[in-house]
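Written below as structure tokens is the structure these notes are about.
The values are calculated or read from the model by the stated rules, or taken from the named source; none is laboratory data. These numbers were taken from a predicted model, which means no experiment stands behind them. We place every Cβ from the backbone using ideal geometry, glycine too, and count neighbours over all the protein chains shown. Surface accessibility is based on the protein's heavy atoms, side chains included, excluding ligands, DNA and RNA. Shrake-Rupley method; radii C 1.70, N 1.55, O 1.52, S 1.80 Å.
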Amino acid sequence: MRVSIITICYNREATIAKAIESVLMQDYPTIEYIVIDGNSSDGTTAIIQSYADKISHFISEPDKGMYDALNKGLRLATGDIIGLMHSDDEFYGPTVVSQLVATFQNNPATDGVYGDGIYVSNDAEERIIRDRIGGNYSIEKVKLGWLPLHPTVYLKKNIIEKYGNYNLDFKIASDTELLLRYLFKHQIKMTYLNSYVVKMRMGGLSTSFKRTWEVLQEDYYIYKYHGLNALKVVFLKKIIALKQYLKIKNKN
């Protein structure tokens with residue numbers, strides 16, 4: 001199986017190399033790596049170009065936001081399965097893609113695979129701030145606000161072609177809309193990989209505390225858009241997040 005991995009970025013010179021290297025160090029041999037840059041004004045593009053011989057497609061141009069950039073990547077992707085590696089993130093280890101592919105191969109009827117992730121502090125110490133254990137899939141969990149961690153989700157290309165790309169009407173939580181569209185509206189088949197897939201640094205667009213309120217508002221409209229009890233679901237979703245945060249804090 002050919003795996004397409006998409007990284008989007010804008011002014012991420014501090015982290016982009018680690019993201020790229022975590023993809024390049026994967027032991028799975030058939031990876032198409034796509035990097036979409038939003039016309040960065042710092043040293044990001046120079047860093048990316050230093051890996052030019054190892055990147056399948058690289059575009060650097062203005063875009064309409066992160067989801068527009070992701071859609072560009074999706075249109076370029078030719079892999080049997082497609083996933084993301086955000087510019088602030090890293091794979092948890094060098095065998096992650098191999099594990100994802102094996103899960104698809106062992107579950108031929110599945111449309112997508114997801115796993116676990118951790119949020120770490122954006123410093124050299126990389127303290128674990130929040131643990132995201134996906135757990136077994138259930139549509140009932142989705143109805144109560146649960147969704148798999150977006151960067152751990154890998155989907156078959158034909159499913160993406162069938163049900164569509166990111167909705168640009170949503171600026172900071174379109175990943176939530178896409179997952180709800182696939183999992184709740186179309187009820188695709190998902191399989192849980194009981195293993196860490198990604199390490200995410202706090203401080204990106206969707207993890208910054210200053211954006212919490214905007215994300216909350218957009219989440220509300222997305223759940224309402226899909227016909228769920230938005231107020232209840234968003235509340236439950238935040239309770240889940242708080243429990244994950246407190247669990248790690250109590251360990252420390």
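Does the range 29-39 hold any residues that are part of a loop (DSSP other than H, G, I, E, B) and surrounded by fewer than 19 Cβ atoms within 10 Å (Cβ to Cβ), and which are they? Steps first, answer last, please.
Step one: of the range 29-39, the residues part of a loop (DSSP other than H, G, I, E, B) are 29-30, 38-39.
Correct list: Pro29, Thr30, Asn39.
Name, by its number, the condition in (1) in a loop (DSSP other than H, G, I, E, B); (2) modelled with pLDDT of 95 or more that does not hold for Ala17.
(1)
If I filter the range 119-134 down to residues being open to solvent by less than 30 Å² (accessible area, probe 1.4 Å) and part of a strand (DSSP E or B), which single residue comes out as farthest from Ile16 (Cα to Cα)?
Filtering the range 119-134 for residues open to solvent by less than 30 Å² (accessible area, probe 1.4 Å) gives 119-121, 131, 134.
Checking the rest, the ones that are also part of a strand (DSSP E or B) come to 119-120, 131.
Numbers: Tyr119: 17, Val120: 16, Asp131: 23 Å.
Checking each candidate, the answer is Asp131.
Within the range 11-28, count every residue that is among the hydroxyl-bearing types (Ser, Thr, Tyr) and either within 13 Å of Gly83 (Cβ to Cβ) or surrounded by fewer than 20 Cβ atoms within 10 Å (Cβ to Cβ) (or both). Even if it seems obvious, please write down each step before you answer.
Looking only at the range 11-28, we keep the residues that are among the hydroxyl-bearing types (Ser, Thr, Tyr), and these are 15, 22, 28.
From what's left, either within 13 Å of Gly83 (Cβ to Cβ) or surrounded by fewer than 20 Cβ atoms within 10 Å (Cβ to Cβ) (or both): 22, 28.
Of the residues in the range 11-28, 2 are among the hydroxyl-bearing types (Ser, Thr, Tyr) and either within 13 Å of Gly83 (Cβ to Cβ) or surrounded by fewer than 20 Cβ atoms within 10 Å (Cβ to Cβ) (or both).
So which residues in the range 65-118 are open to solvent by 20 Å² or more (accessible area, probe 1.4 Å) and assigned to a strand (DSSP E or B), if there are any at all?
Scanning the range 65-118 gives a single hit, Glu90.
Within the range 146-169, does at least one residue satisfy the condition of being over 27 Å from Gly79 (Cβ atoms) and of a type in the set (Lys, Arg)?
no
Mind checking which residues of the range 43-59 are open to solvent by less than 40 Å² (accessible area, probe 1.4 Å) and closer than 12 Å to Arg12 by Cβ?
Residues of the range 43-59 open to solvent by less than 40 Å² (accessible area, probe 1.4 Å): 43-45, 48, 51, 55.
Result: Gly43, Thr44, Thr45, Ile48.
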